[in-house]
Amino acid sequence: MGIINIFDRIKKDNEGNGYSIKVYTTTRDLDDPEKGGVYFLIKQDKKTYALSICANDFNKKWMYNLIRAFLDNAEFREKFREDLKGYIRHNTVKLEIDGKVIEVDEKIATAIKKLNEIGAKTEYCCQGGDGNSQAYISLKRGKFPEELASAWKGADFYVSKNIVRAYGAFGMDRQAAILFQESLNDWVKGNLDISGRKYRINIERQNSLPKLPNIKHEKNRG
């Protein structure tokens with residue numbers, strides 16, 4: 001995966017405060033721009049601001065307008081404060097697997113226990129659905145059951161021998177996580193839709209560009 005820099009400069013607001021502004025994407029994001037992103041990372045002293053948008057929505061004119069709005073409008077700027085966000089922790093339950101007690105996200109715990117019982121030894125997992133967390137399961141040994149792999153492929157999730165990631169178009173990880181959890185619960189109960197159609201996202205992706213405030217004429221800035 002290669003980094004593609006789009007913008008990397010120091011710019012100043014109306015009060016002369018300097019902001020390090022970096023905008024970038026990656027070769028992997030551009031392989032599927034409807035799912036991939038363009039990322040804004042802005043730093044000023046100990047403050048960090050971040051924004052990600054769908055690569056298919058991005059254009060440079062909008063980027064420059066966003067930067068101008070960011071520098072001109074303090075209220076708008078604070079919407080993107082990353083350093084003030086708290087870490088979202090999912091509720092977990094304790095499971096005993098191979099003689100060890102571990103904590104697993106509660107919405108997928110039953111399926112994780114069953115996977116381990118049939119020889120698909122899990123290494124990491126997340127139920128996803130909150131904040132920026134993506135639902136996934138990775139294995140250290142074994143492989144996913146064929147019926148689950150078939151359902152996940154039919155739902156357009158990413159699945160290989162040892163990892164599955166549930167995601168749809170950009171910004172739809174929450175919907176994908178809910179459907180991923182449903183697929184696991186159905187599997188445990190013996191009601192899995194092997195075709196995966198039941199677990200596909202059936203709503204259209206919304207435009208990912210935040211609405212910009214009125215932008216003043218650009219002033220000379222560093």
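Out of (1) touching an Asp or Glu at 6+ places or on another chain (Cβ under 6 Å); (2) at positive phi, the odd one out for K22 is which?
(2)
Can you work out which of the residues in the range 1-11 that are modelled with pLDDT of 95 or more and of a type outside the set (A, V, I, L, M, F, W, C) is nearest to the chain's Cα centre (by Cα)?
Checking each candidate, the answer is N5.
Just one of the numbered conditions (1) assigned by TED's automatic domain parsing to the domain that holds D130; (2) modelled with pLDDT of 95 or more; (3) of a type in the set (D, E) is not true of D57; which one?
(1)
Have a look at G99, G86, G119 and point out the one that is over 22 Å from R174 (Cβ atoms) and either outside the structural domain of D186 (by TED's automatic domain parsing) or in contact with a Gly (Cβ under 6 Å, 6 or more places away or on another chain) (or both). Don't jump to the end; show me each part of the working.
Details: G99 fails: either outside the structural domain of D186 (by TED's automatic domain parsing) or in contact with a Gly (Cβ under 6 Å, 6 or more places away or on another chain) (or both); G86 fails: over 22 Å from R174 (Cβ atoms).
On inspection, the qualifying residue turns out to be G119.
When you scan the range 76-94, how many residues do you find that are assigned to a helix (DSSP H, G or I) and either at pLDDT 95 or above or surrounded by 13 or more Cβ atoms within 10 Å (Cβ to Cβ) (or both)?
Total satisfying the criteria: 2.
Would you confirm whether or not the range 27-39 contains a residue that is of a type in the set (S, T, N, Q) and outside any helix (DSSP H, G or I)?
Pass one, the range 27-39, residues of a type in the set (S, T, N, Q): 27.
Subset that is outside any helix (DSSP H, G or I): none.
The answer is no; no qualifying residue exists.
Can you find, within the range 188-209, the residue that is nearest to K107 (Cα to Cα) among those that are of a type in the set (A, V, I, L, M) and part of a loop (DSSP other than H, G, I, E, B)?
Pass one, the range 188-209, residues of a type in the set (A, V, I, L, M): 188, 192, 194, 201, 203, 209.
Okay, now just the ones that are also part of a loop (DSSP other than H, G, I, E, B), so 192, 194, 201, 203, 209.
Numbers: L192: 16, I194: 20, I201: 19, I203: 23, L209: 31 Å.
Step by step, filter the range 188-209, then rank; the result is L192.
Do the conditions hold for D130, that is, is it surrounded by fewer than 15 Cβ atoms within 10 Å (Cβ to Cβ), among the acidic types (D, E) and within 27 Å of E34 (Cα to Cα)? Before the answer, list the steps.
On the way: surrounded by fewer than 15 Cβ atoms within 10 Å (Cβ to Cβ): yes; among the acidic types (D, E): yes; within 27 Å of E34 (Cα to Cα): yes.
Considered against the rule, which asks whether it is surrounded by fewer than 15 Cβ atoms within 10 Å (Cβ to Cβ), among the acidic types (D, E) and within 27 Å of E34 (Cα to Cα), D130 comes out as yes.
This table checks each residue for (1) at pLDDT below 95; (2) in contact with a His (Cβ under 9 Å, 6 or more places away or on another chain).
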| residue | (1), (2) |
| --- | --- |
| G129 | yes, yes |
| Y136 | no, no |
| E146 | no, no |
| A151 | no, no |
| R174 | yes, no |
| S183 | no, no |
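Considering every residue within the range 53-66, establish whether at least one is in contact with a helix residue (DSSP H, G or I) (Cβ under 7 Å, 6 or more places away or on another chain), of a type in the set (A, V, I, L, M, F, W, C), part of a loop (DSSP other than H, G, I, E, B) and buried (at least 18 other Cβ atoms within 10 Å of the Cβ).
Quick first cut of the range 53-66, residues in contact with a helix residue (DSSP H, G or I) (Cβ under 7 Å, 6 or more places away or on another chain) only: 55.
Then keep just the ones that are of a type in the set (A, V, I, L, M, F, W, C); that gives 55.
Narrowing further to those that are part of a loop (DSSP other than H, G, I, E, B): 55.
Within this subset, residues satisfying the condition of being buried (at least 18 other Cβ atoms within 10 Å of the Cβ) are 55.
Within the range 53-66, one or more residues are in contact with a helix residue (DSSP H, G or I) (Cβ under 7 Å, 6 or more places away or on another chain), of a type in the set (A, V, I, L, M, F, W, C), part of a loop (DSSP other than H, G, I, E, B) and buried (at least 18 other Cβ atoms within 10 Å of the Cβ).
Look at I88 and say whether it is aliphatic (A, V, I, L, M) and touching a residue at least 24 places away in the same chain (Cβ under 8 Å).
On the way: aliphatic (A, V, I, L, M): yes; touching a residue at least 24 places away in the same chain (Cβ under 8 Å): yes.
The answer is yes for I88.
Please go through (1) part of a loop (DSSP other than H, G, I, E, B); (2) out of contact with any Phe, Trp or Tyr (no Cβ under 8 Å at 6 or more places or on another chain); (3) not charged (D, E, K, R) for T48 and return the number of the only condition it doesn't satisfy.
It fails just one condition, (1).
On the given criteria, is I97 surrounded by 11 or more Cβ atoms within 10 Å (Cβ to Cβ), over 26 Å from N207 (Cα atoms) and modelled with pLDDT under 95? Show your work before the answer.
Numbers: surrounded by 11 or more Cβ atoms within 10 Å (Cβ to Cβ): yes; over 26 Å from N207 (Cα atoms): yes; modelled with pLDDT under 95: yes.
In short, yes.
Give the range 116-168 a look and list any residue that's in contact with a Ser or Thr (Cβ under 9 Å, 6 or more places away or on another chain), part of a strand (DSSP E or B) and either of a type in the set (S, T, Y) or touching a residue at least 40 places away in the same chain (Cβ under 8 Å) (or both), or say none.
Matches in the range 116-168: T122, Y124, S138.
The values are calculated or read from the model by the stated rules, or taken from the named source; none is laboratory data. Predicted, not measured: the structure shown is a model, and the values here were computed from it. Note that we place each Cβ from the backbone using ideal geometry, even for glycine, and neighbour counts take in every protein chain shown.
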